[in-house]
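A short write-up of the structure that comes next.
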Amino acid sequence: MFRERLITKLWVTVALGAVLTTSCVPDTQPDAGSLDAVYANPSEHLELLSLGRDQTLGLLLDRVLSANDQAALLVAFREYQSPRRMPAGTELVFHYLRDDQWLRSLDVVVNADETVRLTRNDLGWHSELVRTPIYVDTLLASGKIETVLWSAVVNNEHLGGVPFEDRNSLIDELDQVFQWQVDFSRQIRVGDTYRFAFEREVRPDGSMRSGRLLSAELVNSGTPYHAIWFDSNKDGEGSYFDLEGNSVRRAFLLKPLAYRRISSRYSNSRFHPILNTWRAHRGVDYAADAGAEIMATSDGVVTHRAWKGSFGNTVEIQHPNGFVTRYAHLSSFRSGVQLGSRVKQSEIIGYVGMTGQATGNHLHYEMMKRNGEHMDPLAVDLPAGDPVPSDDQVRWDEDLITRVDLLESIPGAGPVIGLGSLQSQDDKQGGAQ
Ligand SMILES: [Zn+2]
């Protein structure tokens, strides 16, 4: 039974309040056996250095290698990376044999996942690429919004073991999964709750190599939204569906900026005091840092890409379903996006600025019908994306059970979904309107 296998896989469980971390270390660890201790002077000692500003690898090698030796080492190193492309801060581990003068090997950490190991041999120097080992675990977390979503996740004390940057990546993941259902910058309310199961690959230092939300729940103003990952071909190209197997995708993204790029100045009205509701000026203003990437909210054709009076640099896109979107005050356009270009949903079209009549860096976003009538983007809900294919129904049912089980196992805020209640989900959502 699929369900039992999963539970076994996630057996090693560390409970941290509302967050559980389950580990599954690949069972490839050899049985080392045991030997009686042998005492000897250590044959090797290590020196850890990091490359300073304006320092080169050659400069650090000058102390320990002759010019010929150095040249041979650099030849071996170039098999994997150019010594000129080593940024300040690059970590190096010098392994010395016997005394400080005799370098036996050198490790150069070229990125978080790869180290070039240089070893002396009879012919000179040999290099190999060593990959940082990883393990896979599943983070289970829940929380309640006290102010904004960002601080609820980043300051979630139960995510203390997750590096700050990775907690930010988690927010990006949630934003991407729910970008068609909830505008995190405009719609999140105090008291909203979330919970999610996030599978990740982790390095020995605790940082994340990659990760994916397996299942997530957001209760926004009393309405529950769910996103369940389903990869029917097991090729990594899956997508998210709600509990009924409908795609979470919609014809329009609710907002043209990633949530984390939007500054909270907008939501407390200190920014752009005259034009701060869409009714007042028929658009939405998102304060953001200059240069933040702007996405097309739906597939379409670029019908304007130029200066437009008080709007400054402006892009307009005509969409097949009769809608037009407008993006104004851009600092610059994306070079590949021209008048007449076809763009895809989520494609970058330009960058936030304050050209035209603008008192600060922000994106002015409008949505219109072809007849010019303005719409609040939040009021447009056009489904897109196919539901789970009927051939995949059996596998979907299995995955749905395990992924909903993961959510249900998370203590804390939020309603308990319960597979038994799946049938009545429609009624519940209807009742919350
Ligand atoms: Zn505006």
Considering residues of segment 313-335 that are within 18 Å of Glu373 (Cα to Cα), polar (S, T, N, Q) and in contact with a strand residue (DSSP E or B) (Cβ under 8 Å, 6 or more places away or on another chain) only, the residue nearest to the ligand (Cβ to nearest atom): Thr325
Identify the single condition in (1) in contact with a Pro (Cβ under 9 Å, 6 or more places away or on another chain); (2) surrounded by 15 or more Cβ atoms within 10 Å (Cβ to Cβ) that Val301 does not satisfy, given that it satisfies every other one. (2)
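Okay, residues lined up against (1) among the charged types (D, E, K, R); (2) at positive phi; (3) more than 17 Å from the chain's Cα centre (by Cα); (4) surrounded by fewer than 16 Cβ atoms within 10 Å (Cβ to Cβ):
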position	(1), (2), (3), (4)
Tyr135	no, no, yes, yes
Thr138	no, no, no, no
Ser142	no, no, yes, no
Asn156	no, no, yes, no
Name the residues in segment 140-158 that are among the aliphatic types (A, V, I, L, M) and either in a strand (DSSP E or B) or at pLDDT below 85 (or both), would you? Leu140, Ala141, Val148
Glu165 vs. criteria among the charged types (D, E, K, R), surrounded by fewer than 16 Cβ atoms within 10 Å (Cβ to Cβ) and modelled with pLDDT under 90: no
Given the condition at pLDDT below 90, out of contact with any helix residue (DSSP H, G or I) (no Cβ under 8 Å at 6 or more places or on another chain) and of a type in the set (A, V, I, L, M), answer yes or no: does some residue in segment 391-408 qualify? no
Restricted to segment 336-364 and to residues being touching a strand residue (DSSP E or B) at 6+ places or on another chain (Cβ under 7 Å) and of a type in the set (Ser, Thr, Tyr), the residue surrounded by the most Cβ atoms within 10 Å (Cβ to Cβ) is Tyr351
Determine whether Leu118 is more than 23 Å from Pro163 (Cα to Cα), surrounded by 12 or more Cβ atoms within 10 Å (Cβ to Cβ) and touching a helix residue (DSSP H, G or I) at 6+ places or on another chain (Cβ under 6 Å). yes
Might you check whether a residue that is more than 16 Å from the ligand (Cβ to nearest atom) and out of contact with any His (no Cβ under 6 Å at 6 or more places or on another chain) occurs anywhere in segment 353-368? no
All strands (runs of 3 or more DSSP E) inside segment 277-382 with 1 or more residues being within 25 Å of Gln176 (Cα to Cα) and over 24 Å from the mean Cα position of the chain (by Cα): 284-287, 300-307, 313-318, 323-330, 362-369
Please specify each residue of segment 357-387 satisfying the condition of being farther than 17 Å from Pro256 by Cβ and in contact with an Asp or Glu (Cβ under 9 Å, 6 or more places away or on another chain). Pro387
Take Ser310 and decide whether it is within 15 Å of the ligand (Cβ to nearest atom), at negative phi and either surrounded by fewer than 19 Cβ atoms within 10 Å (Cβ to Cβ) or not polar (S, T, N, Q) (or both). yes
Candidate set: segment 197-210, residues that are in contact with a helix residue (DSSP H, G or I) (Cβ under 7 Å, 6 or more places away or on another chain) and either part of a strand (DSSP E or B) or among the hydrophobic types (A, V, I, L, M, F, W, C) (or both); chosen: the one modelled with the lowest pLDDT: Met208
With the checklist (1) part of a strand (DSSP E or B); (2) at pLDDT 90 or above in hand, flag the one item Phe184 doesn't pass. (1)
Return yes when Gly52 is at pLDDT 60 or above, closer than 18 Å to Arg104 by Cα, of a type in the set (Gly, Ala, Ser) and surrounded by 10 or more Cβ atoms within 10 Å (Cβ to Cβ) and no when it is not. no
Working only within segment 313-335, note down all residues that are more than 19 Å from Arg250 (Cβ to Cβ) and surrounded by fewer than 17 Cβ atoms within 10 Å (Cβ to Cβ). Ser332, Ser335
Kindly evaluate Glu316 against the criterion of being of a type in the set (D, E, K, R) and in contact (Cβ under 8 Å) with a residue 40 or more places away in the chain. no
Across (1) modelled with pLDDT under 95; (2) of a type outside the set (Ser, Thr, Tyr); (3) within 16 Å of the ligand (Cβ to nearest atom), Arg260 clears everything bar (3)
Of the residues in segment 226-246 that are over 15 Å from Arg403 (Cβ atoms) and under 20 Å from the mean Cα position of the chain (by Cα), the one that is modelled with the highest pLDDT is Glu237
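The values are calculated or read from the model by the stated rules, or taken from the named source; none is laboratory data. Everything numeric in this text was worked out from a predicted model, so none of it was measured. Neighbour counts run over all protein chains shown; Cβ positions are idealised from the backbone, glycine included.
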